[in-house]
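Enquirer: Got a structure here, written out as structure tokens. Questions coming.
The values are calculated or read from the model by the stated rules, or taken from the named source; none is laboratory data. Note that the coordinates shown come from a computational prediction; the quantities given were computed from them, not determined experimentally. Neighbour counts run over all protein chains shown; Cβ positions are idealised from the backbone, glycine included. Please note that ligands, DNA and RNA were not included when accessible areas were found on the heavy atoms of the full protein model with its side chains. Shrake-Rupley method; radii C 1.70, N 1.55, O 1.52, S 1.80 Å.
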Amino acid sequence: MLNDITLGQFFPVDSPVHKLDPRVKIMSSLAYIIAVFFAKGFAGYLFVAVFTYSVILMSKVPLKLYLKGLKPLIFIIIFTSAINLFMTDGKIAQIGGIPLKFGIFKITVEGIDTAVKMTLRLIFLVAGTSVLTFTTSPIVLTDGIESLLSPFKKIGVPAHELAMMMSIAIRFIPTLLEETDKIMKAQASRGADFENGSVIKRIKALVPILVPLFISSFRRADELALAMECRCYRGGKGRTRLKTLKIAPIDYIACAFMLVFIVGIGVIALFVRV
């Protein structure tokens with residue numbers, strides 16, 4: 001399961017999406033998230049699906065990696081769908097004239113519609129936003145976040161420090177997952193059982209994992225802070241970059257592509273009733 005978590009992983013290939021300015025990708029990801037929540041009806045979700053699949057193809061990142069990233073969220077997706085399926089009021093759905101009602105639980109037509117929409121939204125959000133981390137290295141992502149936050153420096157926002165913390169957090173997700181996997185294998189070799197027993201027993205079995213994981217995380221944080229201090233790191237003041245971020249023609253094309261997507265979602269939501 002831990003190997004299925006792809007958040008924070010960078011997949012280096014030569015693709016048009018990899019060449020985009022990180023600021024364009026960050027803002028496009030935010031616009032995509034907002035647009036997904038405005039999608040309505042079958043036509044709207046179909047439009048989002050086609051757009052998302054097109055971007056995934058242009059990123060040249062294997063589709064199996066995106067699907068792999070969905071595996072850890074299967075429980076959340078199923079749980080969310082079940083809540084909307086059974087807790088939404090409306091007309092009771094029927095199969096062959098038999099109402100779908102089981103005691104205090106009932107499946108309504110509106111519940112089925114809401115459950116399907118919520119499931120699709122979660123899938124689109126995970127797959128669509130994964131493009132950002134798959135196609136942007138942590139260092140470039142840091143530069144992009146800092147550049148976007150730099151206007152807020154005038155009101156005292158530590159743009160460089162915030163960008164650094166966010167990129168370090170994303171960068172160390174795969175490292176912590178690998179560390180957790182090693183600890184679990186080490187404990188399993190000593191006879192620990194994480195899969196059998198009651199829920200309480202499984203929670204107790206996690207204690208031998210969490211304690212060394214926290215110790216390892218604090219040690220890594222201390223080593224990182226010491227390494228940065230030894231290199232005379234003093235925040236963003238006076239720092240320069242080897243490569244300055246510049247908007248290229250391909251970025252304008254990407255912005256136009258994103259604008260078409262946003263306008264398309266708006267038009268479908270307003271005028272298409274399918």
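Enquirer: In segment 13-42, which residues are among the small types (Gly, Ala, Ser), under 26 Å from ASP113 (Cβ atoms) and at pLDDT 90 or above?
Expert: ALA31, ALA35
Enquirer: To continue, here is another question. Counting only residues that are polar (S, T, N, Q) and more than 13 Å from ILE168 (Cβ to Cβ), which one in segment 198-228 is most open to solvent (accessible area, probe 1.4 Å)?
Expert: Of everything passing the filter in segment 198-228, SER198 is most open to solvent (accessible area, probe 1.4 Å).
Enquirer: Then there is this: Do we have any residue at all in segment 86-105 that's part of a helix (DSSP H, G or I) and more than 20 Å from the chain's Cα centre (by Cα)?
Expert: Checked segment 86-105: at least one residue is part of a helix (DSSP H, G or I) and more than 20 Å from the chain's Cα centre (by Cα).
Enquirer: Being closer than 30 Å to PHE75 by Cα and either in contact (Cβ under 8 Å) with a residue 60 or more places away in the chain or basic (Lys, Arg) (or both) is true for just one of VAL131, VAL140, VAL109, VAL116. Which residue is that?
Expert: Values: VAL140 fails: closer than 30 Å to PHE75 by Cα; VAL109 fails: either in contact (Cβ under 8 Å) with a residue 60 or more places away in the chain or basic (Lys, Arg) (or both); VAL116 fails: either in contact (Cβ under 8 Å) with a residue 60 or more places away in the chain or basic (Lys, Arg) (or both).
That would be VAL131, the only listed residue that is closer than 30 Å to PHE75 by Cα and either in contact (Cβ under 8 Å) with a residue 60 or more places away in the chain or basic (Lys, Arg) (or both).
Enquirer: Here are some conditions: (1) of a type in the set (Lys, Arg); (2) more than 30 Å from SER137 (Cβ to Cβ); (3) modelled with pLDDT of 85 or more. ARG202 meets all but one. Which one does it not meet?
Expert: With respect to (1) of a type in the set (Lys, Arg); (2) more than 30 Å from SER137 (Cβ to Cβ); (3) modelled with pLDDT of 85 or more, ARG202 is out only on (3).
Enquirer: Still on this structure: Within segment 50-61, does at least one residue satisfy the condition of being open to solvent by 40 Å² or more (accessible area, probe 1.4 Å), in a helix (DSSP H, G or I) and touching a strand residue (DSSP E or B) at 6+ places or on another chain (Cβ under 7 Å)?
Expert: Among the residues of segment 50-61, not one is open to solvent by 40 Å² or more (accessible area, probe 1.4 Å), in a helix (DSSP H, G or I) and touching a strand residue (DSSP E or B) at 6+ places or on another chain (Cβ under 7 Å), which makes the answer no.
Enquirer: Can you find, within segment 86-95, the residue that is nearest to ILE107 (Cα to Cα) among those that are in contact (Cβ under 8 Å) with a residue 24 or more places away in the chain and either out of contact with any Gly (no Cβ under 6 Å at 6 or more places or on another chain) or surrounded by fewer than 16 Cβ atoms within 10 Å (Cβ to Cβ) (or both)?
Expert: By that ranking, first place goes to PHE86.
Enquirer: Taking segment 123-159 as the region of interest, how many residues are part of a helix (DSSP H, G or I) and open to solvent by 50 Å² or more (accessible area, probe 1.4 Å)?
Expert: Within segment 123-159, residues that are part of a helix (DSSP H, G or I) and open to solvent by 50 Å² or more (accessible area, probe 1.4 Å) number 9.
Enquirer: Restrict the check to segment 69-85 and report whether at least one residue is over 30 Å from ILE173 (Cα atoms), surrounded by 14 or more Cβ atoms within 10 Å (Cβ to Cβ) and either more than 14 Å from the chain's Cα centre (by Cα) or modelled with pLDDT under 85 (or both).
Expert: Narrowing segment 69-85 to residues over 30 Å from ILE173 (Cα atoms): 84-85.
Now narrow it down to the ones that are surrounded by 14 or more Cβ atoms within 10 Å (Cβ to Cβ): 84-85.
After this cut, where a residue has to be either more than 14 Å from the chain's Cα centre (by Cα) or modelled with pLDDT under 85 (or both) as well, the list is 84-85.
There is at least one residue in segment 69-85 that is over 30 Å from ILE173 (Cα atoms), surrounded by 14 or more Cβ atoms within 10 Å (Cβ to Cβ) and either more than 14 Å from the chain's Cα centre (by Cα) or modelled with pLDDT under 85 (or both).
Enquirer: Does PHE51 qualify as being out of contact with any helix residue (DSSP H, G or I) (no Cβ under 9 Å at 6 or more places or on another chain) and among the aromatic types (Phe, Trp, Tyr)?
Expert: no
Enquirer: Still on this structure: Counting only residues that are part of a helix (DSSP H, G or I) and open to solvent by less than 60 Å² (accessible area, probe 1.4 Å), which one in segment 1-12 is modelled with the lowest pLDDT?
Expert: LEU2
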